[in-house]
Amino acid sequence: MMKGCSDRLEMVRSYLVDETYRDALLVQSELLKGLRETLDAKGFVEILPVILSPITDPLNHEVFDASVEYYGQNYAVTKSMILHKQISVLVHEKIYSVSPNVRLETADKADSGRHLFEFVQLDMEVAGASRDEIMDVMEDAIIYAIRNVLSKYPWVKEKYHPTLKVPAKPFKRITVKEAVEKYGEAFESGLSKDIDEPVWLIDIPLLNREFYDKQDPERPDVLLDFDLIYPEGFGEGISGGEREHEYEQIIRRMKLKGTSPEEYTDYLELAKQGVLKPSAGCGIGIERFTRYVMGLEHVRQTRLFAKVPGESAL
Ligand code: AMP
Ligand code: MG
């Protein structure tokens with residue numbers, strides 16, 4: 001049910017009286033700074049986000065369409081910069097963008113605690129990198145960012161999240177196969193509730209992801225892919241992996257997923273001409289990272305003007 005005007009004004013009033021918002025913004029700003037500083041120190045170049053494009057991430061789940069027509073060209077609002085990242089690493093080897101994404105999620109996601117229909121991810125990509133290299137960079141970034149927050153704002157622990165720890169490197173890993181054996185079909189939430197430090201969930205089954213995630217050449221039923229699962233039930237915070245770049249393989253994977261190649265003509269032409277190169281990368285959702293560090297109920301508490309699925313936003 002769509003909320004009305006009075007709810008929207010109530011939201012603004014709550015910014016003024018509920019200090020959670022003020023505190024979350026301080027924490028979020030520091031987390032973002034920590035992520036950026038880590039990547040900058042490793043030689044990454046920050047590129048500007050793309051908001052409208054003829055191509056965007058097809059996603060692995062249904063969302064409502066968000067696109068506009070402009071002089072006869074259809075432009076989608078960015079769902080993720082994945083395809084643009086694959087092209088950007090041809091210009092600079094290591095790139096990231098603080099990228100606003102619009103995914104018009106269905107209203108049943110309102111109470112997941114993890115979904116907004118507009119959110120921001122720090123989306124990074126490295127030419128020629130392996131999955132392990134990306135996970136290693138992100139472990140450094142997360143550890144550095146959380147350590148900085150706790151040293152600058154020690155009240156985060158006492159006031160909001162007493163069990164928060166700076167995670168130790170390397171983070172543990174579990175394959176989806178192992179996770180299903182241990183936790184059943186709801187393995188992601190089972191795993192998340194069972195751990196007290198972030199854990200990498202790896203070897204995602206082929207059909208659970210899109211055409212751009214690289215199939216493991218030695219085990220074709222899984223991808224060279226990963227999610228980071230936050231502890232204490234906070235769930236998924238990062239997705240990433242190695243990428244497909246070869247035309248034939250991309251087409252084969254599109255067919256498997258039922259994605260129509262006609263919607264990706266320019267991208268496919270680049271692949272066909274051999275312009276795309278191997279890369280790997282990932283995206284970390286900023287609102288979800290803030291929610292986890294602050295130990296909050298819902299990502300709506302981590303930003304101003306939060307857009308909750310199914311609700312009317314300011
Ligand atoms: P994905 O590649 O689709 O997993 O998106 C990358 C990251 O963005 C996820 O791991 C989340 O941290 C974040 N994210 C994805 N969808 C949403 C959403 N609807 N609301 C908030 N954050 C999201
Ligand atoms: Mg994901």
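Just so it is clear, none of the values below were taken in a lab; they were calculated from the coordinates. Please read these numbers as outputs of a predicted model, since none were measured by experiment. Cβ: placed from backbone, ideal geometry, glycine included. Neighbour counts: every protein chain shown.
Below are the figures for this structure:
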item: Condition met for Glu263 (closer than 27 Å to Ala127 by Cβ and surrounded by 19 or more Cβ atoms within 10 Å (Cβ to Cβ)); result: no
item: Selected residue [in contact with an Asp or Glu (Cβ under 6 Å, 6 or more places away or on another chain), free of Cβ contacts under 8 Å to residues at least 40 places away in the same chain and in a loop (DSSP other than H, G, I, E, B)] from Pro217, Pro167; result: Pro167
item: Matching residues in region 89-122 - criterion: being under 17 Å from Val50 (Cα atoms), among the hydroxyl-bearing types (Ser, Thr, Tyr) and out of contact with any helix residue (DSSP H, G or I) (no Cβ under 7 Å at 6 or more places or on another chain); result: Ser97, Ser99
item: Near pairs, Cβ below 9 angstrom, 6+ apart or cross-chain, from region 220-237 (free of Cβ contacts under 8 Å to residues at least 40 places away in the same chain and charged (D, E, K, R)) to any residue that is away from ligand 2 (no atom under 16 Å from the Cβ) and assigned to a loop (DSSP other than H, G, I, E, B); result: none
item: Elements of type helices (runs of 4 or more DSSP H) in region 243-314, at least 1 residues being small (Gly, Ala, Ser); result: 265-272
item: Residue among Ala41, Ala24 that is loosely packed, with under 15 Cβ neighbours inside 10 Å and either under 17 Å from Gln121 (Cα atoms) or of a type in the set (Gly, Ala, Ser) (or both); result: Ala41
item: One residue from Arg22, Arg13 being closer than 26 Å to Ile143 by Cα and either without any contact (Cβ under 8 Å) to a residue 24 or more places away in the chain or touching a Cys at 6+ places or on another chain (Cβ under 7 Å) (or both); result: Arg22
item: Members of region 223-248 found to be under 28 Å from Leu270 (Cβ atoms) and in contact with a strand residue (DSSP E or B) (Cβ under 6 Å, 6 or more places away or on another chain), listed by number; result: Leu223, Leu224, Asp225, Phe226, Asp227, Ile238, Ser239, Gly240, Gly241, Glu242, Arg243
item: Single match in Gly72, Gly113 (criterion: away from ligand 1 (no atom under 14 Å from the Cβ), of a type in the set (Gly, Ala, Ser), surrounded by fewer than 23 Cβ atoms within 10 Å (Cβ to Cβ) and on the phi > 0 side of the Ramachandran plot); result: Gly72
item: Test for Thr259: is it β-branched (Val, Ile, Thr), more than 30 Å from Leu164 (Cα to Cα) and within 16 Å of ligand 1 (Cβ to nearest atom); result: yes
item: Residue in region 223-236 that is over 21 Å from Val137 (Cβ atoms), of a type in the set (Asp, Glu) and more than 15 Å from the chain's Cα centre (by Cα) present; result: yes
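Here is a yes/no grid of residues against (1) touching a strand residue (DSSP E or B) at 6+ places or on another chain (Cβ under 7 Å); (2) in a loop (DSSP other than H, G, I, E, B):
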| position | (1), (2) |
| --- | --- |
| Asp7 | no, no |
| Met11 | no, no |
| Ser14 | no, no |
| Thr56 | yes, yes |
| Glu62 | no, yes |
| Ile87 | no, no |
